Amino acid sequence: MKLVDGINITELFMRSGTPNRAGVVVPWVAKMSFPKYKPSRLATLPQTLDPAEYDISLESRRAQVERLAIRARLKREYLLQYNDPNRRGLVVNPALVRWAYARANIYPNCRATPKNSLLGAVVGFGPLILWYYILKTDRILTVAWRDTVPHQLFGEPSF
Amino acid sequence: MLKIILPTIMMLPTMWLSKTHMMWINTMTCSLLISIFTLMMLYLPNNSCNLSLNFFSDPLTSPLLMLTAWLLPLMILATQQHLYNNSAPRKKLYISMLVFLQISLIMTFSATELILFYILFETTLIPTLIIITRWGYQPERLNAGSYFLFYTLAGSLPLLITLLHYFSSLGSLNILTMTINTKEMMLSWTNNIMWLGCMMAFMVKMPLYGLHLWLPKAHVEAPIAGSMVLAAILLKLGSYGMMRVTPMLNPLTEKMSYPFIVLSLWGMVMTSSICLRQADLKSLIAYSSVSHMALVILAILIQTPWSLTGAMILMIAHGLTSSLLFCLANSNYERVHSRTMMFTRGLQALFPLLALWWLLANLTNLALPPTINLMGELLTILASFSWSNFTIMFTGFNMLITALYSLHMFTSTQRGPLTYSTSNVKPLFTRENTLMLMHMAPILLLTLNPKTIMCLTP
């Protein structure tokens, strides 16, 4: 139905709202005021906010199943150890121990490789050489300025 | 000068012959009386005392001598706790090492002749090595002792050769006559190597940034008296030596000092930044010592009156502050037997007086006005800015990072929630409070009268 030339009432209604999460256009008063969620590297898009929530591809489904199998196996091993009546000590996660050892023992396991040594030389000596040249240039300028400008200190005679 | 040296030597028989229960009291009293004698060097006519051929006193040596003499009672106060389980002869042996070190240090700072200075400079290594390797806490102390000994020896052997060459060419290495010698060091390959030979020993001792590897090891592994004397006095031996040797090296110093100025500027910034990432409290204080000493090296190499004054004030201020920080770290260590900073958090709620000492120590470490630390840094930074405007980038950045890590040290030991494992630590003993006060009182008093240590007429 056309009220005025060139305006469609349905279109007016469609433009008078905003689509919500489900895609339905609701009036502006019903707009939920969340900011738009932008996923970042450490905060990935959760499955519930993903528009393709139920259209998962077969590949990603297989990957999810595999990860779930690993998690279930680890949980089973943990629960076996946790509920063991003859256990006296802590339940140790060897992966955590290895991770902590690796983080604390980087230096003894380092080896001098060409790339390593080059990086060390550049970071160790590079700044020194750079500052030497900058400082020397500045010093030459300072000495030149000092020797050209006549200095008079508290009534010292200037010859 | 003999009035200081002879009583220090006689402290050895006093201590060995005293009864076990009077041993600490006798040594404390003797060392305090000796430190009163050094105060007599402050108000001498002509500012110097030249009554002997071998020893003299000077506005450059008198503050350092006062610091050395003041530090021995402090070291004796600090070691009473950790030597508790040792047998009496072993305690006496430890104090003998300290007294032997004290004798060599007093003679070093008052020696007239550079060869005598060199011999005593090397002599100070031996008791320090024994203290570190015998009475340190971890197995790493052997490594630390070797690094300390061999770095300093390797640096100082060229110094011996250079000094002997100078002796044969100049005729005398008396410090007083060196100021009026007319032989200038001109630019030549031989003179370059002579300059390096003279300075490298002191650069290693100070330490300069590239040669500082021995310092964190030695400071961390040494027991408290070892750490105190290393931080407060032995580093200043290097700067004192540099200030004595540079009159003979002009005008070569202007050309040859550039690499070392660059190293000390960059090293200041680097070692301060490393302090921000340290988990070990003593290691943090050791690296902060390197950073402060880099400023002193910069000041001495620039060779202007203001910067030499700044170097002198910085030496005394840093000696007292660093020693105080090591004493505080040691009071932590004696209670929880761990040097990790995070282990004893939130101590301000438990021990308010200790928090006061920590606050004062960290405030002086970050060169809060109007303490003498700031006066020294200010004079040095002004002189280096006038030398070349670009140095302000490094020195300003260093002041910022120094403030950052000092406050980090304070907040991680004093503020925050308490750790559950510190429930049964005892508060500070009177002895420890006296120790902290005896460190802090000179700093506060010198803040009121810094011209005492300003070395205005060397």
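Using the structure shown, decide if residue B:234 is in a helix (DSSP H, G or I), within 12 Å of another protein chain (Cβ to nearest Cβ) and under 20 Å from the mean Cα position of the chain (by Cα).
Answer is no for this residue.
Please work out if residue B:419 is at pLDDT below 95, in contact with a Phe, Trp or Tyr (Cβ under 8 Å, 6 or more places away or on another chain) and under 28 Å from residue B:274 (Cα atoms).
Taking the combined requirement at face value, the residue satisfies it.
Does residue B:59 fit the bill of being at pLDDT below 95 and in contact with a Cys (Cβ under 6 Å, 6 or more places away or on another chain)?
Judged against the criteria, residue B:59 is a match.
Return only the number of the condition from (1) under 20 Å from the mean Cα position of the chain (by Cα); (2) away from every other protein chain (no Cβ under 14 Å); (3) under 14 Å from residue B:300 (Cβ atoms) that residue B:227 does not satisfy.
That leaves (3) as the condition not met.
What single numbered condition from (1) at pLDDT below 95; (2) of a type outside the set (A, V, I, L, M, F, W, C); (3) part of a helix (DSSP H, G or I) fails to hold for residue B:68?
Residue B:68 satisfies every listed condition except (1).
In a helix (DSSP H, G or I), among the hydroxyl-bearing types (Ser, Thr, Tyr) and touching a residue at least 40 places away in the same chain (Cβ under 8 Å): does that describe residue B:133?
No, not satisfied.
Would it be correct to say that residue A:144 is more than 14 Å from every other protein chain (Cβ to nearest Cβ) and of a type in the set (Gly, Ala, Ser)?
So residue A:144 fails the test.
Taking segment B:427-455 only, how many residues are of a type outside the set (D, E, K, R), assigned to a helix (DSSP H, G or I) and surrounded by fewer than 17 Cβ atoms within 10 Å (Cβ to Cβ)?
Qualifying residue count, segment B:427-455: 8.
Cβ-Cβ under 9 Å, sequence separation 6+ or interchain: first residue in segment B:261-282 and free of Cβ contacts under 8 Å to residues at least 24 places away in the same chain and more than 9 Å from every other protein chain (Cβ to nearest Cβ), partner part of a loop (DSSP other than H, G, I, E, B) and among the charged types (D, E, K, R). Which pairs?
Going by the 9 Å Cβ cut-off, there are no qualifying pairs.
Of all residues in segment B:301-315 being β-branched (Val, Ile, Thr) and under 22 Å from residue B:446 (Cα atoms), which is surrounded by the most Cβ atoms within 10 Å (Cβ to Cβ)?
So, considering only residues that are β-branched (Val, Ile, Thr) and under 22 Å from residue B:446 (Cα atoms), the one surrounded by the most Cβ atoms within 10 Å (Cβ to Cβ) is B:313.
Hey, residue B:112 hits all of (1) modelled with pLDDT under 95; (2) more than 24 Å from residue B:38 (Cβ to Cβ) but one; which does it fall short on?
With respect to (1) modelled with pLDDT under 95; (2) more than 24 Å from residue B:38 (Cβ to Cβ), residue B:112 is out only on (2).
What number of residues within segment B:332-371 are touching a residue at least 60 places away in the same chain (Cβ under 8 Å) and under 14 Å from residue B:439 (Cα atoms)?
Number of matching residues: 7.
Within 14 Å of chain A (Cβ to nearest Cβ) and among the aliphatic types (A, V, I, L, M) - does that describe any residue in segment B:359-380?
No: zero hits.
When only residues in segment B:381-390 that are assigned to a helix (DSSP H, G or I) and of a type in the set (Ser, Thr, Tyr) count, which is farthest from the other protein chains (Cβ to nearest Cβ)?
The qualifying residue farthest from the other protein chains (Cβ to nearest Cβ) is B:384.
The values are calculated or read from the model by the stated rules, or taken from the named source; none is laboratory data. Note that this is a predicted model, so its numbers are computed, not measured. All Cβ positions, glycine included, derive from the backbone under ideal geometry; neighbour counts span all protein chains shown.
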